[in-house]
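Accompanying notes for the structure given below.
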Amino acid sequence: MNQFKELKVWQDSINLAVEIYKLTKLFPADEKFGLVSQINRCVISISSNIAEGAGRNNAKEFRQFLGIAQGSACELESQLIISQKLDFISEDILKQQTDKLLYIQNMINKLIKSLK
């Protein structure tokens, strides 16, 4: 299944990563090595694990990497909630981004189920 670029979940997670990177550029400069770094690592991890899993030898390994991507998505959601509570992003932005994230999480879950 090495054609990860054809997966809608991978494409959407790439688009989310670009949006999140643009969003975190607006965070306070003193968060560059704290929350911003952590958020950016999480969002990159989603698409990276989807791609790596797709390049593995079998469905079991792919499912494992999709599980890691799912964990990164949950971690990202947690960090976005913290960002909103610290007033780095508005409630509207939080809702927009978590809606996109939920959509990606649902696609990951469906892909995992299809590989069983």
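Laboratory data are not the source of any read-out in this text; all were calculated from the coordinates shown. None of these values were measured; they are calculated from a predicted model. For neighbour counting, all protein chains shown are included, and Cβ atoms are generated from backbone atoms with ideal geometry for every residue, glycine included.
To the nearest Å, what is the center-to-center distance of segment 63-116 and segment 1-50, using C-alpha atoms only?
One Cα centre to the other: 11 Å.
In the neighborhood of I89, defined by Cβ-to-Cβ distances under 15 Å, what is the net charge if each Lys or Arg adds +1 and each Asp or Glu adds -1?
Cβ neighbours under 15 Å give a net charge of -2.
Compute the Kirkwood hydrodynamic radius of the chain, taking the inverse of the mean of 1/r over all pairs of distinct Cα atoms, and give it in Å to one decimal. Write down the numbers at each step before the final one.
Details: mean 1/r = 0.0697 Å⁻¹.
Kirkwood radius, the chain: 14.4 Å.
Please sort by residue number the trypsin sites (Lys or Arg not before Pro) in segment 1-110 whose DSSP state is loop and whose Cβ has at most 11 other Cβ atoms within 10 Å.
Those satisfying the criteria are K25.
Which of Q96, Q11, Q64 moves most in a GNM of the chain, Cα contacts under 10 Å?
Q96
Given the rule -39500 (n - 2.57) for each run of at least 4 DSSP H residues, summed and divided by the residues of the chain, what is its mean residue ellipticity at 222 nm, to the nearest 500 deg cm²/dmol?
So the helix-based figure for the chain works out to -26500 deg cm²/dmol.
Treating only the Cβ of Lys, Arg, Asp and Glu as charged (+1, +1, -1, -1), what charge dipole size does segment 4-114 show about its Cα centre? Round to the nearest 20 debye. Don't skip to the end; give the middle numbers.
Working: 14 positive and 13 negative charges, 93 e Å.
Once rounded to the nearest 20, the dipole reads 440 debye.
Give the whole-number value, in cubic angstrom per residue, of the convex hull volume spanned by the C-alpha atoms of segment 55-116.
69
Scan segment 13-116 for chymotrypsin sites (Phe, Trp or Tyr not before Pro) in coil per DSSP, keeping those whose Cβ has at most 11 other Cβ atoms within 10 Å, and list them by number.
Loop-located and lightly packed - F33.
Given I20, N57, A69, which one lies farthest toward the positive end of the charge dipole of the chain, if we put +1 on the Cβ of every Lys and Arg and -1 on the Cβ of every Asp and Glu?
Positive-most Cα among the choices belongs to N57.
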